Amino acid sequence: MRKPSHLGYKLLILAACAAVVGIWALLFGFCPIRAVTGVICPSCGMSRAWLAALRLDLGAAFFYHPMFWIVPTVAALWLFDFQPLRSKRANICLLVLLGIGFAVCYFVRLTMFLHGDLII
């Protein structure tokens, strides 16, 4: 495994992104995409899922957004230049599987939302 490049800058960017999301959630508490379109976005419920996870209430975290765990996974992959595994093919497969999982989760949640079964 090779050393991460510019790790300090990447950590600073991650901290800035977390601060922006946290401030938005605290000040406004709503999803701007849902406010404009009326449809949930792929990450709707993610803030509440992380707040529940930080309280160690994993059941509630999975209820709010089943893919909440993907955020630290992708952040860790990015910190290590998307090279956590030895093989380039394995790294690509890992990213593709994460993307497919997130897309399937969004499709299921969107379908439930449009049928009135999911209220976020």
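The values are calculated or read from the model by the stated rules, or taken from the named source; none is laboratory data. This structure is a prediction, so every number in the text was calculated from the model and none was measured. Reconstructed Cβ throughout: ideal geometry from the backbone, glycine too, with neighbour counts over all protein chains shown.
Hey, does segment 102-119 have a residue that's buried (at least 16 other Cβ atoms within 10 Å of the Cβ), farther than 30 Å from His6 by Cβ, of a type in the set (A, V, I, L, M) and under 15 Å from the mean Cα position of the chain (by Cα)?
No, that holds for no residue.
Are there any pairs, at least 6 apart or on different chains, whose C-beta atoms fall under 6 Å, with the first in segment 56-69 and in contact (Cβ under 8 Å) with a residue 24 or more places away in the chain and the second among the aromatic types (Phe, Trp, Tyr) and part of a helix (DSSP H, G or I), and if so, which?
Met67/Phe102
Being exposed (fewer than 14 other Cβ atoms within 10 Å of the Cβ) and modelled with pLDDT of 80 or more is the filter; apply it to segment 18-52 and report the residue that is nearest to Val108 (Cα to Cα).
Going through segment 18-52, the residues exposed (fewer than 14 other Cβ atoms within 10 Å of the Cβ) turn out to be 18-20, 22-23, 26-30, 32, 35-39.
Now drop any that are not modelled with pLDDT of 80 or more, which leaves 19-20, 23, 36-39.
Details: Ala19: 29, Val20: 28, Ile23: 29, Val36: 21, Thr37: 18, Gly38: 17, Val39: 13 Å.
Checked segment 18-52; the qualifying residue nearest to Val108 (Cα to Cα) is Val39.
Can you name the residue in segment 75-93 that is among the hydrophobic types (A, V, I, L, M, F, W, C) and part of a helix (DSSP H, G or I) and is also modelled with the highest pLDDT among such residues? Give the derivation first.
Pass one, segment 75-93, residues among the hydrophobic types (A, V, I, L, M, F, W, C): 75-80, 82, 85, 90, 92-93.
With the extra rule that they be part of a helix (DSSP H, G or I), the set shrinks to 75-79, 90, 92-93.
Details: Ala75: 83, Ala76: 82, Leu77: 80, Trp78: 79, Leu79: 79, Ala90: 84, Ile92: 84, Cys93: 88.
Selected residue: Cys93.
Looking for something in contact with a Ser or Thr (Cβ under 7 Å, 6 or more places away or on another chain), modelled with pLDDT of 85 or more, among the aliphatic types (A, V, I, L, M) and closer than 15 Å to Ser43 by Cα - is there at least one such residue anywhere in segment 94-107?
We begin by selecting, within segment 94-107, every residue in contact with a Ser or Thr (Cβ under 7 Å, 6 or more places away or on another chain); these are 98.
Narrowing the set further to residues that are modelled with pLDDT of 85 or more leaves 98.
If we keep only those that are among the aliphatic types (A, V, I, L, M) as well, we get 98.
When the remaining residues are screened for being closer than 15 Å to Ser43 by Cα, the result is 98.
Within segment 94-107, one or more residues are in contact with a Ser or Thr (Cβ under 7 Å, 6 or more places away or on another chain), modelled with pLDDT of 85 or more, among the aliphatic types (A, V, I, L, M) and closer than 15 Å to Ser43 by Cα.
Taking only segment 36-74 into account, find how many residues are of a type in the set (Ser, Thr, Tyr) and in a loop (DSSP other than H, G, I, E, B). First the steps, then the outcome.
Let us first name the residues in segment 36-74 that are of a type in the set (Ser, Thr, Tyr), namely 37, 43, 47, 64, 73.
Add one more test, that the residue is in a loop (DSSP other than H, G, I, E, B), and what stays is 43.
Final tally of qualifying residues: 1.
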